[in-house]
Amino acid sequence: MKRERRQKIIFFVVGLVIFIIFLFPLYWMLVTALKTQVEIFEVPTPLWPRNLTLEAFQKQLSASSDTLRGFKNSLIISVGAMLIATVLSIPAAYGLARFRFKMKKAFILTFLITQMLPSTLVLTSLYIAFSGMQLLNNYFAPILADATIGLPFSVIILRSYFVSIPKELDEAAEIDGCGPLNSFFRIMLPIARPGVVVAAVFSFVYAWGDLIYGLTFMTDPTMRPITSSIYNYVQQYQTLWNSTMAFGIIAIFPVILIFIFMQKYIVSGLTNGAIKA
Amino acid sequence: MKKKTKKLRSGTYLGFAFTLPALVYMVIFIGIPIIQNILLSFKNVNVYTFADASQQKFIGFQNYAELFGAPDSILTKSIGNTLIFTVASIFFQFIIGFALALLFNKKFPGCNFFRGAIMVSWLLPVTVAGLLFKFIFARSGGIANQMLMALHFISQPLEWLLHPDSAMVAIVIANIWIGIPFNMMLILTGLTTVPEDIYESANLDGASWFQKLFYITIPMIKPAIISVLTLGFVYTFKVFDLVWVMTKGGPVNSTELVSTYAYRLSFEQFLFSKGAAAANVLFAILLCVGIFYLKTINSDEEM
Amino acid sequence: MKKNILAALLCGAVMVASFAGCAQKTAGQSSAGSSGKAAVSEAGGGSKNVVIWDYFETDAQKEMMQKLISGFNSSQKEYKASHVYVPFADYQKQLTLAKASNQLPDLVILDGCSMASFISMGLFQDVSDAGIKWDDYIEGPMKSTMMDGKHYGIPFATNCTALLYNKDLFDKASVKYPDENTTWDEFHAMAKKLTKNGVYGFGNAATNTDEGTFQCLQWIYTAGGSYTNVKAGADAFKLMQDMIKDGSWAKEAVNWTQSDVNNNFMAGNLAMEQNGPWQIPVIKKSAPQLKYGVTVLPKRNKDAKQATSILGGENIGVIKKDNSDGAVAFMKYYDKTDVMVEAMKAYGSFPPKTEAAKDSYWTGDPIQAAFIKQLSTSIPRGPSPQWPQYSTAIQNGVQQAMTGAKTPQQAAEDTQKAVDAIK
């Protein structure tokens, strides 16, 4: 008992130290957001602002309608991308993990290939395509584009996840008389839940953090995601550091909330475990 | 015997059917642009020929030849930079992420909170993270130098992003910070698929921590590890936003990656075909990585 | 189970929102941004839309655009102007994509030095016979709106960099202020004297973007070189390397933007800076107690003429479309001297017409007057459709000299080779 308890304390301390080191840049971001522009450039700059000012945050929140609208746009785009990516990737991952068919290797390679070009270079083709489909300044343009970021990733991750589920379960299901579709929905899917949650979360976060698709396909500023607001502070002639940092904090705030909320599901999914002996 | 053959036959079409929607989606939205990009790289589209389609002709591999053959070829340099950047990033991200995953796989007070908090670095939009680190690594006024000097590790402020030799170090550090949660998360998910009983019986057999790690954990999560490494390589190799925001490829091309070079060629110098050619070089390199990945999962298939 | 409900809710929310977004957009589909093939589209009340793109982001600039647009709209009934903000960092990319897919605005306000490239890409309309008195315009800015003798728009705003100095730091060190007679040697000496206690004598922006070229090219020209003959300006490389080596020119310059430079100047880290008139309102707001003066940049030596500076600023370009009358109407509205002068006062830049620049608003204020003085010997970058490549080659060379990677002579020669290689 005592040994276990000592171990837990050691782990706690290690965890705390790692937490402090790792999160220091974020602390620094917060501190910078609370300083005045002049104080930021002092040498040496104080670790905690002498003239603590909420000016940067105030500016953001006073344009609150813009900020809220940016969040709304980001939310729509990210959820849309997440849904498309997850809905399409789950069966694809299952198909690639559990079945043998001729083109399988080619398929896996194709999914990998589609992730090999930086988005900046696929941009031109997508832009022309979307403009032809009259999808510019429409939420579907960045949704469809952002889904292409999350989809192949989800397929590959979920595939390795499905692969590690033992074949005995398949066979047990078949003995029980489940057809392949049935066994997929009733048995595989619930077991793969942690993997699915992870894939969905990744797709959402990648879409949320995307700047280039949301910015390029929406020339109407009222439809742009929150990430594009960074250009309010990174300007042609100057970078307003305190505002930029304040913006960063505000931009991830809702995502952090969602994440904390989802952590419970991730954790419960993980502790339930994939395999019941 | 009978069961297996039955599965094989129905498997062929069913597996195909399961996979098809996702595949079609990607081919439409990414596959076609990739092909267009390849075609573009074989033409001579630039600021002069852009407007007039009749002037755009196929010139074969000329763009590639010019990019590689230039004295002090920036393309060659950028390939080297990208490799260094990728390998260095992955090495540290993976090891640290793995260690953290092992740590957070255990239960102790605060583990959920700490684990969740570490994910925050990955939730931050990359452009903001890039700016944050650009700020941290400022030569004077940057907190990195300030702390290092306060702790007496250095007596003079370091150049970081200003000097060709140290700029790469700075962007790698930033990239490691951003990438650790990704590695940690995926490995953690993989770790949960390892049943507790295996460890219990190993403990009964008196296995050490070291043995448990290398003979049980790692083999059991091998597919997850390979996926993480491959994806990590592909994603890091094509990183653009972070480097663009921090250094734009400078100083003096010391942090020029293939992705930044391709962007620069296309959207700053209006040499569209050359930009497409550079992007294809990146693509070709990653293609080899992809094929290598295929070979490794091949052996796993026969589980 | 809870997760399924959550997922369903989110699903529903997205469906509803995207249909709402869809509906909103199909209603507005006919207006702003539609295909270049269609005629100038209709808005309410029978007047035709004129869509303007710009990258103006500060409050002062946005107000200026708003005033211009409302002024234009109320001055006539045929056209209704509106503007779309596109971030500066993305501007060229957006224009290129728009041209590639034919999703074009009617009029574009863009950085003067990039106009030549876009003229070459067929973005702009020949407006040589639009009835504008071309001779009224200052030659440098006007050249950047032309190619092969044809006009594609008019200059919008013009400015250049000059030398700003911190009077307090100079007084404390008992150094005489720089003025129009200051030579490079004197400049070097005073910078050196002022470099102490964490203060640099001089700093400018030498980042490896066109912003860096914008500032550093000046020194090459003042030394007798040009953008096609860099070798003749090799002395500039030498000055930069020497001053950085003895600490009088800030090393950080290679990573500084003009905003970074000004922030350091305002914080008292620089005794002198090279910067432009757009910093005047910034200094007034963030460092009102700072006592500073402005003068022209130092000349090469006693017998030389006033130093050259590089022109910045924006141009108006009329997009090539079947019907560009609305854009031409806006252009002629701006061509009116009083409209131009009012807008430039609000912007913090200078009007590109010779007479307009003599307005007492500028000639009466010593700080503004110094910039106007510098403007008289300022030249545009290029103009060339391949300016970005020249800019990259030149700035690479400058950085190599500044970081000490090459000797000044070697840097100049290698840059010349790179410049010659640009076809």
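The values are calculated or read from the model by the stated rules, or taken from the named source; none is laboratory data. What you see is a predicted model; the values in this text were computed from it and never measured. All Cβ positions, even for glycine, are placed from backbone atoms using ideal geometry, and neighbour counts span all protein chains on display.
Would the range A:45-61 turn up any residue that is small (Gly, Ala, Ser), within 27 Å of residue A:241 (Cβ to Cβ), surrounded by 13 or more Cβ atoms within 10 Å (Cβ to Cβ) and under 23 Å from the mean Cα position of the chain (by Cα)?
No; the residues of the range A:45-61 include none that is small (Gly, Ala, Ser), within 27 Å of residue A:241 (Cβ to Cβ), surrounded by 13 or more Cβ atoms within 10 Å (Cβ to Cβ) and under 23 Å from the mean Cα position of the chain (by Cα).
Would you check which residues across the range A:86-104 are within 8 Å of another protein chain (Cβ to nearest Cβ) and in a helix (DSSP H, G or I) and list them? So that I can check it myself, show each step before the final result.
Here is the first cut: in the range A:86-104, the ones within 8 Å of another protein chain (Cβ to nearest Cβ) are A:88-89, A:91-92, A:94-96, A:98-104.
Those that are within 8 Å of another protein chain (Cβ to nearest Cβ) and in a helix (DSSP H, G or I): A:88, A:89, A:91, A:92, A:94, A:95, A:96, A:98, A:104.
Just to be sure I understand the filter: pairs with C-beta atoms under 8 Å, separated by 6 or more residues or on different chains, first member in the range A:1-18 and at the interface with another protein chain (Cβ under 8 Å from one of its Cβ atoms), second member loosely packed, with under 11 Cβ neighbours inside 10 Å. Which pairs pass?
Within 8 Å, the pairs are A:8/B:107.
Does any residue of the range C:107-127 turn out to be more than 18 Å from residue C:382 (Cα to Cα), within 12 Å of chain B (Cβ to nearest Cβ) and touching a helix residue (DSSP H, G or I) at 6+ places or on another chain (Cβ under 6 Å)?
yes
Considering each residue of the range C:224-258, count those that are of a type in the set (Gly, Ala, Ser), away from chain B (no Cβ under 13 Å) and over 23 Å from the mean Cα position of the chain (by Cα), and give that number. Break it down stepwise before answering.
Start the filter on the range C:224-258 by keeping residues that are of a type in the set (Gly, Ala, Ser), which leaves C:224-226, C:232-234, C:236, C:247-248, C:250, C:253.
Checking the rest, the ones that are also away from chain B (no Cβ under 13 Å) come to C:224-226, C:232-234, C:236, C:248.
Right, trim to over 23 Å from the mean Cα position of the chain (by Cα) and you get C:224, C:232-234, C:248.
So the count comes out to 5.
Which members of the range C:333-382 meet the condition of being among the aliphatic types (A, V, I, L, M) and touching a Phe, Trp or Tyr at 6+ places or on another chain (Cβ under 9 Å)?
Matches in the range C:333-382: C:339, C:340, C:341, C:343, C:344, C:356, C:357, C:367, C:369, C:372, C:375, C:379.
Might you check whether a residue that is β-branched (Val, Ile, Thr), surrounded by fewer than 23 Cβ atoms within 10 Å (Cβ to Cβ) and in contact with a helix residue (DSSP H, G or I) (Cβ under 7 Å, 6 or more places away or on another chain) occurs anywhere in the range A:164-171?
yes
Restricting to the range B:91-120, name every residue that is within 15 Å of residue B:173 (Cβ to Cβ) and surrounded by fewer than 22 Cβ atoms within 10 Å (Cβ to Cβ).
B:91, B:92, B:95, B:96
Condition (residue is of a type outside the set (Val, Ile, Thr), touching a Gly at 6+ places or on another chain (Cβ under 9 Å) and closer than 17 Å to residue A:116 by Cβ) applied to the range B:274-285: is it met by at least one residue?
Checked the range B:274-285: no residue is of a type outside the set (Val, Ile, Thr), touching a Gly at 6+ places or on another chain (Cβ under 9 Å) and closer than 17 Å to residue A:116 by Cβ.
Pick from the range C:268-290 the residues that are in a loop (DSSP other than H, G, I, E, B) and under 16 Å from residue A:38 (Cβ atoms): which of them is farthest from the chain's Cα centre (by Cα)?
Per the stated criteria, the residue is C:289.
In the range B:228-262, how many are aromatic (Phe, Trp, Tyr) and at pLDDT 90 or above?
Of the residues in the range B:228-262, 4 are aromatic (Phe, Trp, Tyr) and at pLDDT 90 or above.
Determine, yes or no, whether residue B:84 is more than 30 Å from residue B:255 (Cβ to Cβ), surrounded by fewer than 16 Cβ atoms within 10 Å (Cβ to Cβ) and modelled with pLDDT of 85 or more.
Against the criterion (more than 30 Å from residue B:255 (Cβ to Cβ), surrounded by fewer than 16 Cβ atoms within 10 Å (Cβ to Cβ) and modelled with pLDDT of 85 or more), residue B:84 does not qualify.
Confirm whether residue A:121 is in a helix (DSSP H, G or I) and within 19 Å of the chain's Cα centre (by Cα).
Details: in a helix (DSSP H, G or I): yes; within 19 Å of the chain's Cα centre (by Cα): no.
No.
Go over the candidates C:317, C:293, C:312 one by one and state the one that is at negative phi, within 12 Å of chain A (Cβ to nearest Cβ), in contact (Cβ under 8 Å) with a residue 40 or more places away in the chain and among the small types (Gly, Ala, Ser).
On the way: C:317 fails: within 12 Å of chain A (Cβ to nearest Cβ); C:293 fails: within 12 Å of chain A (Cβ to nearest Cβ).
Exactly one residue qualifies, and that residue is C:312.
Restricting to the range C:394-423, name every residue that is of a type in the set (Lys, Arg) and either touching a residue at least 40 places away in the same chain (Cβ under 8 Å) or part of a loop (DSSP other than H, G, I, E, B) (or both). First the steps, then the outcome.
Of the range C:394-423, the ones of a type in the set (Lys, Arg) are C:406, C:417, C:423.
If the condition is that a residue be of a type in the set (Lys, Arg) and either touching a residue at least 40 places away in the same chain (Cβ under 8 Å) or part of a loop (DSSP other than H, G, I, E, B) (or both), then C:406, C:423 are the ones that fit.
Can you tell me which of B:201, B:166, B:155 is more than 10 Å from chain A (Cβ to nearest Cβ) and within 30 Å of residue B:216 (Cα to Cα)?
Sole residue among the options that is more than 10 Å from chain A (Cβ to nearest Cβ) and within 30 Å of residue B:216 (Cα to Cα): B:201.
May I ask you to list the residues in the range B:37-72 that are at the interface with chain A (Cβ under 9 Å from one of its Cβ atoms) and closer than 28 Å to residue A:159 by Cβ?
Matches in the range B:37-72: B:37 only.
Residue C:142 - would you say it is of a type in the set (A, V, I, L, M), in contact with a Phe, Trp or Tyr (Cβ under 7 Å, 6 or more places away or on another chain) and surrounded by fewer than 24 Cβ atoms within 10 Å (Cβ to Cβ)?
yes
Could you tell me which numbered condition residue B:97 fails, if it satisfies all but one of (1) within 18 Å of the chain's Cα centre (by Cα); (2) touching a residue at least 60 places away in the same chain (Cβ under 8 Å); (3) within 7 Å of another protein chain (Cβ to nearest Cβ)?
With (1) within 18 Å of the chain's Cα centre (by Cα); (2) touching a residue at least 60 places away in the same chain (Cβ under 8 Å); (3) within 7 Å of another protein chain (Cβ to nearest Cβ) applied to residue B:97, the lone miss is (3).
Only one residue in A:90, A:76, A:128, A:40 is closer than 30 Å to residue A:169 by Cβ and out of contact with any Lys or Arg (no Cβ under 7 Å at 6 or more places or on another chain). Which one?
Working: A:76 fails: closer than 30 Å to residue A:169 by Cβ; A:128 fails: closer than 30 Å to residue A:169 by Cβ; A:40 fails: closer than 30 Å to residue A:169 by Cβ.
When all the criteria are applied, what remains is A:90.
Give all pairs with beta carbons closer than 8 Å in which a residue from the range C:255-269 that is on the phi > 0 side of the Ramachandran plot and surrounded by fewer than 22 Cβ atoms within 10 Å (Cβ to Cβ) meets a residue that is of a type in the set (A, V, I, L, M, F, W, C) and in a helix (DSSP H, G or I); count only pairs at least 6 apart in sequence or on separate chains.
What qualifies is C:268/C:169.
Does residue C:336 satisfy being touching a residue at least 24 places away in the same chain (Cβ under 8 Å) and of a type outside the set (Gly, Ala, Ser)?
no
Name the residues in the range C:220-238 that are buried (at least 21 other Cβ atoms within 10 Å of the Cβ) and either part of a loop (DSSP other than H, G, I, E, B) or in contact with a helix residue (DSSP H, G or I) (Cβ under 6 Å, 6 or more places away or on another chain) (or both), would you?
C:220, C:223, C:225, C:227, C:230, C:233, C:234, C:236, C:237
For residue A:79, only one of the following conditions fails: (1) more than 13 Å from chain B (Cβ to nearest Cβ); (2) over 30 Å from residue A:192 (Cβ atoms); (3) in contact (Cβ under 8 Å) with a residue 40 or more places away in the chain. What is its number?
With respect to (1) more than 13 Å from chain B (Cβ to nearest Cβ); (2) over 30 Å from residue A:192 (Cβ atoms); (3) in contact (Cβ under 8 Å) with a residue 40 or more places away in the chain, residue A:79 is out only on (2).
Hey, does the range C:194-210 have a residue that's surrounded by fewer than 22 Cβ atoms within 10 Å (Cβ to Cβ), in a helix (DSSP H, G or I) and away from every other protein chain (no Cβ under 14 Å)?
No, because not a single residue in the range C:194-210 is surrounded by fewer than 22 Cβ atoms within 10 Å (Cβ to Cβ), in a helix (DSSP H, G or I) and away from every other protein chain (no Cβ under 14 Å).
Okay, residues lined up against (1) within 26 Å of residue C:313 (Cβ to Cβ); (2) surrounded by fewer than 24 Cβ atoms within 10 Å (Cβ to Cβ); (3) among the acidic types (Asp, Glu):
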{"site": "C:394", "(1), (2), (3)": "yes, no, no"}
{"site": "C:399", "(1), (2), (3)": "yes, no, no"}
{"site": "C:409", "(1), (2), (3)": "no, yes, no"}
{"site": "C:412", "(1), (2), (3)": "no, no, no"}
{"site": "C:422", "(1), (2), (3)": "yes, yes, no"}
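What number of residues within the range B:251-276 satisfy the criterion of being among the hydrophobic types (A, V, I, L, M, F, W, C), within 21 Å of residue C:207 (Cβ to Cβ) and either more than 7 Å from chain C (Cβ to nearest Cβ) or outside any loop (DSSP other than H, G, I, E, B) (or both)?
Selection size over the range B:251-276: 4.
Among the numbered conditions (1) at positive phi; (2) within 12 Å of chain B (Cβ to nearest Cβ), tell me where residue C:95 comes up short.
The failed condition is (1).
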